[in-house]
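The values are calculated or read from the model by the stated rules, or taken from the named source; none is laboratory data. Source: prediction; values computed, not measured. Cβ sites come from the backbone with ideal geometry, for glycine too, and all protein chains shown count toward neighbours.
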Amino acid sequence: MHRTGENRMNATPVEESLREAAAGAIADGTVGVVIGYGHEAGSDVATPLFARTPEQARGLVFDATCVGNLAIYLPKPEVRALGRTGLVVKGCDLRAVNVLLREHVIEREDVFLIGVRCAGVCEPPLHKCTVCPVHDPSGCDVTLGDSVEQPTADASRANALVAEMEAKSIEERWEFWKRQMTKCVRCYACRQVCPLCYCKRCIVEKTTPQWVETSPHLRGNLAWNVVRAFHLTGRCVGCGECERVCPVDIPLGLLNQKMAGLMEQWFDFQSGLAPDEQAPFTTWDPNDPEEGIL
Amino acid sequence: MNDVSETKLYRLEADWLDAALGALERDGVEVLAPVKDEDGSVNLAPVTASSEVATDYLNALIPLKSVFMPRTEVLIEYERAGVGDVEVLPGAAPAGQRVVLGCRPCDARALVMLDSVFNWDYEDVPYRARRDSTTVVSWACMDPGPHCFCTSVGGSPHSAEGSDAVVYLAGSGPALLQVVTAKGAAFVESLGDRAQPAADGTALPEPPELETKFDTGEIKTWLDENFESELWEEVSLRCLGCGACSFLCPTCHCFDIVDESTWKHGERRRNWDSCAFCQFTQHASGHNPRPNQTTRCRQRVMHKFKYFPDRFEQVACVGCGRCAQNCGVGQNLVSILSRIQSEEKP
């Protein structure tokens, strides 16, 4: 993981324009808060910064440590209580915002989007960055940063990790996942960091009856992680936050990438590319050729 | 605890680890030592050969508490024996004799705090049984990491509190061992001639320097007065509400009890729980006395630095730094406490 080192005194040009845009939006009452990235001693990655005054917006940064997906904060009542939200988004983060809009968790007027063009974070770049289709976030209220080249999509690269797993025998895969799932401690960091896990009450918190066993044994852990992967199928935008924050390093991205690959293969669908997209599992269409459920 | 007399120091021959593992295996004692897994994480796991043991590690990912308070354990089992009749069976018996070889002093020191809780108003039977049957041999910390702050909470990289013996490794050469308790003395005996009383005048190495980042006394003074403070809202805003910090904390000990059953058979399990979870204090009535992340974040700091000292005269934190290292949003106990300290000293 790229380390932040000390706070930089000198802002980069994109940081200057970011601070200016955020401070302006706060000062003229466009937003009550801008959520962006800041640096804090003791953290290897940039930390979420809640700027509520133009002065606080001076602490905003944008560099290779800005890994997190801040869209997580949009549905939270305590954040909404601060007024209209200004949100700093990279292309990958914008995809999550698009799903929140598509699913009407938030409405477009609730949020002021400050897009930052981004060719990738971390050094070396994360897998998600090397296959990212949205280096230039479009549809934001402000978009900052120099233009970046958008590489042409390379499906084989996007699916490389899944393909590697699928090359193994089913016994090898079962051994692999058993070992990974045994590690899970059920801290639910994966759920809590996911911008699309916004359910007010998650199924594991439903106790009458207890649908999913909460004990961190293999059976309970498999049930939890499979339920989670299924509920995100067709919705997950591949931001990779679940895998990043997993304290026991379970490669959760593999499950998400597998499901995303199937969505693309079967429905020609990539989640979160536009706020008005027709999502396969949540769109009713009288011309739907699928008669299976009738 | 640190002023053990020099007569309790032993010199260990370079091959002491092999000797220890051999002798303990012959005696049927299970040895748990730091092992690097296929994914690169180091955790305490059963070992039989010294080649399996990782010596150049900062700390185990999952803290030592898991040896005494597993993340899930069966308390009782029950079986439907007939109409209206249920047979209750005791849970799995705690493990036999065990030696933990190579935990860090901070994790061992956390046992002092866990002992306070689990022997308080009720003596916790499974915890006590595991403690009684386990010898804890720490490896003194020679190279603390960037998140470590044990010296800020009354500890030291060389603390002997909670350990039965402390080993000072020096590469793969001869090591120095400090006996702390009778269990530690018994461990030294198992080493046979590979452990000899250290020569007169042998001194323990000086612990590495570690900057003190805050004063727990001043923190406590502020907490006593500031149950209601805007600071809690500010520091909780970015908290995700996951349990990573609690579960990786060597002193966090809250648990949940659940029944998991099929038609005829069931288990009552005790699992780790976290005060950061929204359901942690949820009442059956629907009322939740900690209805938001602000009150939950406050609870975690208050429990460690006010309620625990009020009750047991010690803070419930050993400064291992796992909470800061593993927080997905860089939430940082040190930064919260440093900030509280600056409020205390305007």
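Check whether at least one residue in segment A:7-20 is surrounded by 21 or more Cβ atoms within 10 Å (Cβ to Cβ), in contact with a helix residue (DSSP H, G or I) (Cβ under 7 Å, 6 or more places away or on another chain) and closer than 28 Å to A:VAL105 by Cα, and report yes or no.
Yes, segment A:7-20 contains at least one residue that is surrounded by 21 or more Cβ atoms within 10 Å (Cβ to Cβ), in contact with a helix residue (DSSP H, G or I) (Cβ under 7 Å, 6 or more places away or on another chain) and closer than 28 Å to A:VAL105 by Cα.
Could you say which residue among B:ALA49, B:ALA92, B:ALA110, B:ALA54 is under 30 Å from B:LYS264 (Cα atoms) and small (Gly, Ala, Ser)?
B:ALA92
Determine, yes or no, whether A:VAL34 is among the β-branched types (Val, Ile, Thr) and more than 9 Å from chain B (Cβ to nearest Cβ).
Values: among the β-branched types (Val, Ile, Thr): yes; more than 9 Å from chain B (Cβ to nearest Cβ): yes.
Yes; evaluated as a whole, the condition is true for this residue.
Of all residues in segment B:109-125 being touching a Ser or Thr at 6+ places or on another chain (Cβ under 8 Å) and of a type in the set (A, V, I, L, M), which is surrounded by the most Cβ atoms within 10 Å (Cβ to Cβ)?
Only one residue fits best here, namely B:ALA110.
Are there any pairs, at least 6 apart or on different chains, whose C-beta atoms fall under 8 Å, with the first in segment B:228-246 and within 15 Å of B:VAL329 (Cβ to Cβ) and the second in a loop (DSSP other than H, G, I, E, B) and among the aromatic types (Phe, Trp, Tyr), and if so, which?
That search, which allows pairs on different chains as well, returns B:GLY241/B:PHE277; B:CYS242/A:TYR188; B:GLY243/A:TYR188; B:GLY243/B:PHE277.
Return yes when B:ARG270 is outside any helix (DSSP H, G or I) and within 13 Å of chain A (Cβ to nearest Cβ) and no when it is not.
In short, yes.
From the set of residues in segment A:75-107 that are in contact with a strand residue (DSSP E or B) (Cβ under 7 Å, 6 or more places away or on another chain) and within 13 Å of chain B (Cβ to nearest Cβ), which is surrounded by the most Cβ atoms within 10 Å (Cβ to Cβ)?
A:THR85
Those residues that are crowded, with 23+ Cβ neighbours inside 10 Å and either among the aliphatic types (A, V, I, L, M) or within 13 Å of chain B (Cβ to nearest Cβ) (or both), I need them from segment A:50-62; list them, please.
A:ALA51, A:ALA57, A:LEU60, A:VAL61
Residues that are part of a helix (DSSP H, G or I) and either away from chain A (no Cβ under 12 Å) or surrounded by 15 or more Cβ atoms within 10 Å (Cβ to Cβ) (or both): does segment B:207-217 have at least one?
Yes: segment B:207-217 contains one or more residues that are part of a helix (DSSP H, G or I) and either away from chain A (no Cβ under 12 Å) or surrounded by 15 or more Cβ atoms within 10 Å (Cβ to Cβ) (or both).
Among the residues of segment A:61-77, which ones are farther than 20 Å from A:ARG201 by Cβ and assigned to a loop (DSSP other than H, G, I, E, B)?
Of the residues in segment A:61-77, the ones farther than 20 Å from A:ARG201 by Cβ are A:61-71.
Of everything in segment A:61-77, those that are farther than 20 Å from A:ARG201 by Cβ and assigned to a loop (DSSP other than H, G, I, E, B) turn out to be A:PHE62, A:ASP63, A:ALA64, A:THR65, A:CYS66, A:VAL67, A:GLY68, A:ASN69.
If you scan segment A:230-251, which residues turn out to be more than 11 Å from every other protein chain (Cβ to nearest Cβ) and farther than 22 Å from A:VAL97 by Cβ?
A:PHE230, the sole residue that qualifies.
Out of the residues in segment A:10-45 that are among the hydroxyl-bearing types (Ser, Thr, Tyr) and in a loop (DSSP other than H, G, I, E, B), which is nearest to B:PRO146 (Cα to Cα)?
Here is the first cut: in segment A:10-45, the ones among the hydroxyl-bearing types (Ser, Thr, Tyr) are A:12, A:17, A:30, A:37, A:43.
Narrowing the set further to residues that are in a loop (DSSP other than H, G, I, E, B) leaves A:12, A:30, A:43.
Numbers: A:THR12: 27, A:THR30: 40, A:SER43: 10 Å.
Filtering first and then ranking leaves A:SER43.
Name every residue in segment B:304-322 that is part of a helix (DSSP H, G or I) and within 21 Å of B:HIS158 (Cα to Cα), in order of residue number.
Once the filter is applied, which keeps residues that are part of a helix (DSSP H, G or I) and within 21 Å of B:HIS158 (Cα to Cα), segment B:304-322 yields only B:ARG322.
Would you be able to tell me the number of residues in segment B:231-267 that are more than 9 Å from chain A (Cβ to nearest Cβ), among the β-branched types (Val, Ile, Thr) and outside any loop (DSSP other than H, G, I, E, B)?
2
Would you point out which residue out of B:CYS141, B:CYS106, B:CYS148 is part of a loop (DSSP other than H, G, I, E, B), crowded, with 19+ Cβ neighbours inside 10 Å and away from every other protein chain (no Cβ under 14 Å)?
None of the other options fit; the residue is B:CYS141.
Can you tell me which residues in segment A:209-266 are in contact with a helix residue (DSSP H, G or I) (Cβ under 7 Å, 6 or more places away or on another chain), β-branched (Val, Ile, Thr), surrounded by fewer than 20 Cβ atoms within 10 Å (Cβ to Cβ) and outside any loop (DSSP other than H, G, I, E, B)?
A:VAL227
Here's the yes/no breakdown for (1) among the polar types (S, T, N, Q); (2) without any contact (Cβ under 8 Å) to a residue 12 or more places away in the chain; (3) surrounded by fewer than 18 Cβ atoms within 10 Å (Cβ to Cβ):
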| residue | (1), (2), (3) |
| --- | --- |
| B:ASP37 | no, yes, yes |
| B:THR48 | yes, no, yes |
| B:ASP56 | no, yes, yes |
| B:ARG71 | no, no, no |
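Please name all residue pairs, on different chains or six or more residues apart, with Cβ atoms under 7 Å, provided the first residue is in segment B:82-93 and is modelled with pLDDT under 85 and the second residue is surrounded by 10 or more Cβ atoms within 10 Å (Cβ to Cβ) and in a strand (DSSP E or B).
B:GLY91/B:GLU73; B:GLY91/B:VAL74; B:GLY91/B:LEU75; B:GLY91/B:ILE76; B:GLY91/B:GLU77; B:ALA92/B:VAL74
Working only within segment B:318-338, note down all residues that are away from chain A (no Cβ under 11 Å) and farther than 22 Å from A:VAL245 by Cβ.
B:VAL318, B:GLY319, B:LEU337
Taking segment B:181-206 only, how many residues are under 23 Å from B:GLU25 (Cβ atoms) and outside any helix (DSSP H, G or I)?
The first filter runs over segment B:181-206 and keeps only residues under 23 Å from B:GLU25 (Cβ atoms), leaving B:181-196.
Then keep just the ones that are outside any helix (DSSP H, G or I); that gives B:181, B:191, B:195-196.
Selection size over segment B:181-206: 4.
Return the residues of segment A:62-121 that are in contact with a Pro (Cβ under 6 Å, 6 or more places away or on another chain) and touching a residue at least 60 places away in the same chain (Cβ under 8 Å); say none if nothing qualifies.
Listed by number, the residues that qualify are A:ASN69, A:ALA71, A:ILE72, A:LEU94, A:ALA96, A:ASN98, A:LEU101, A:ARG102, A:VAL105.
B:CYS278 passes all but one of (1) in contact with a Gly (Cβ under 8 Å, 6 or more places away or on another chain); (2) under 30 Å from B:VAL88 (Cβ atoms); which number fails?
Unmet for B:CYS278, out of (1) in contact with a Gly (Cβ under 8 Å, 6 or more places away or on another chain); (2) under 30 Å from B:VAL88 (Cβ atoms): (2).
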